[in-house]
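Below is one structure, written out as structure tokens; the observations come after it.
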Amino acid sequence: MKALLHTVLRRYFRSRLTFCLTAAMPVLGIISGLVSFQTRNAREMYFQAEFYMYLLLAVMFLLTAGIILTIGSAFSDGIIRLQCIHGNPKAQIALAHIISALLWSAVCGILFLLPMRILGNAYFAAHLTGKMMQVIPPLLLMFPVFGVLIAVLTLLIRHKAFSSIAGIALLLGLFIGCMRVNFMLDEPKYRTEYATDYNYSEINPEPDVEIKYIYLPNEWYIPKPKRDYLEFAYLCDPMTPISEVGSFLANAADDYRSADQFNKEIRSIHRARRKFLPWFQCFTILALSAVGTCCFKRRNLS
């Protein structure tokens with residue numbers, strides 16, 4: 001297994017394509033940091049979450065291309081078939097490719113996120129350091145989770161053209177799905193309406209204005225148990241950290257300050273997600289690896 005893993009890893013870190021993709025990660029990370037972090041004056045700081053989300057999506061496209069072409073070339077060049085002929089079990093071959101994709105994806109994630117961490121400190125200093133450290137672990141784990149998913153997909157489909165179409169469709173579907181589910185789960189249980197009362201008196205010619213908050217049931221709120229199912233699916237989605245970055249860092253400078261208790265409830269739910277996301281991501285890696293290995297063992301590679 002050790003020799004097999006070394007052989008597969010060498011294809012990732014010595015291939016010209018994957019080497020160029022790996023070298024592009026810190027460059028894209030620096031560009032994303034320069035574009036995403038903006039300051040208006042000495043006290044007003046802003047994070048352009050949309051730019052960063054789209055750049056993350058572009059990086060995932062590059063990651064998908066690197067893994068699909070590497071594993072697809074191993075199929076087309078007959079390397080995987082030769083590994084089977086030499087007596088290597090199919091389970092070990094699948095695990096070697098899955099682990100190699102995981103490690104390469106993790107390296108790409110570190111190279112991409114490191115400039116964001118440095119530039120984030122430069123712009124936000126100590127004010128945002130703690131908040132960024134809560135967001136970076138799910139973002140970092142997003143790379144190996146998606147890398148394992150694409151590796152399993154390519155091992156099962158085999159053909160580079162078909163796996164490329166399936167990988168891109170899967171990436172877009174997971175991204176759009178997590179954004180949609182995030183929007184649905186952020187619907188509060190009650191919606192807020194405002195009523196203004198004008199109190200007139202004989203002593204004061206100008207009326208006293210009193211604003212009353214009226215809380216009405218929100219018809220778009222998703223009740224339990226459907227809400228629990230959506231929450232579980234949302235946390236298992238590999239693209240969830242991208243939408244969470246948009247939810248947390250878009251207004252990180254003022255931390256979504258609001259007097260509305262329901263907005264505070266939504267913020268507390270997001271904070272809990274940040275703590276649980278790494279555990280769900282580790283579970284997703286193990287589950288995908290197990291499913292991919294079992295399915296690959298039953299494949300006929302002749």
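Every read-out reported here was derived from the displayed coordinates using simple, explicitly stated rules and does not represent laboratory data. Worth saying up front: this structure is predicted, and the values here are computed from it rather than measured. Positions of Cβ are generated from backbone atoms using ideal geometry, with glycine treated the same way; all protein chains shown enter the neighbour counts.
Return the sequence-ordered ³J(HN,Hα) values of the range 63-76 in whole Hz as given by the Karplus equation 6.51 cos²θ - 1.76 cosθ + 1.60 applied to θ = phi - 60°, using x for Gly and Pro.
Whole-Hz 3J(HN,Hα) from phi for the range 63-76: 5, 4, 4, x, 5, 5, 5, 5, 6, x, 5, 5, 6, 5.
Using amide H atoms built 1.01 Å from N in the peptide plane, name the residues 5+ places from Arg191, or on other chains, whose amide H lies under 5 Å from its own.
For Arg191, the qualifying residues are Leu216, Asn218.
If neighbour count is taken as other Cβ atoms inside 10 Å, put Phe19, Phe75 in order from fewest to most.
So the ranking, lowest neighbour count to highest, is Phe19, Phe75.
With a Förster radius of 51 Å, plug the Cβ-Cβ distance of Val27 and Phe183 into 1/(1 + (r/R0)^6) and report the FRET value to the nearest 0.05.
Details: r = 32 Å, r/R0 = 0.63.
My answer for the efficiency is 0.95.
In what order do Leu4, Leu82, Leu63, Leu141 fall by count of nearby beta-carbon atoms within 10 Å, going from fewest to most?
Working: Leu4 19, Leu82 11, Leu63 26, Leu141 23.
So the residues, fewest neighbours to most, are Leu82, Leu4, Leu141, Leu63.
Provide Met53, Met239 in ascending order of the number of other Cβ atoms located within 10 Å of each residue's Cβ, fewest first.
Taking fewest neighbouring Cβ atoms as first place, the list is Met53, Met239.
Could you give me D for the range 79-119, from Stokes-Einstein at 20 °C and 1.002 mPa s, where the hydrodynamic radius is the Kirkwood radius over C-alpha pairs? Units µm² s⁻¹, please.
Estimated diffusion coefficient is 177 µm²/s.
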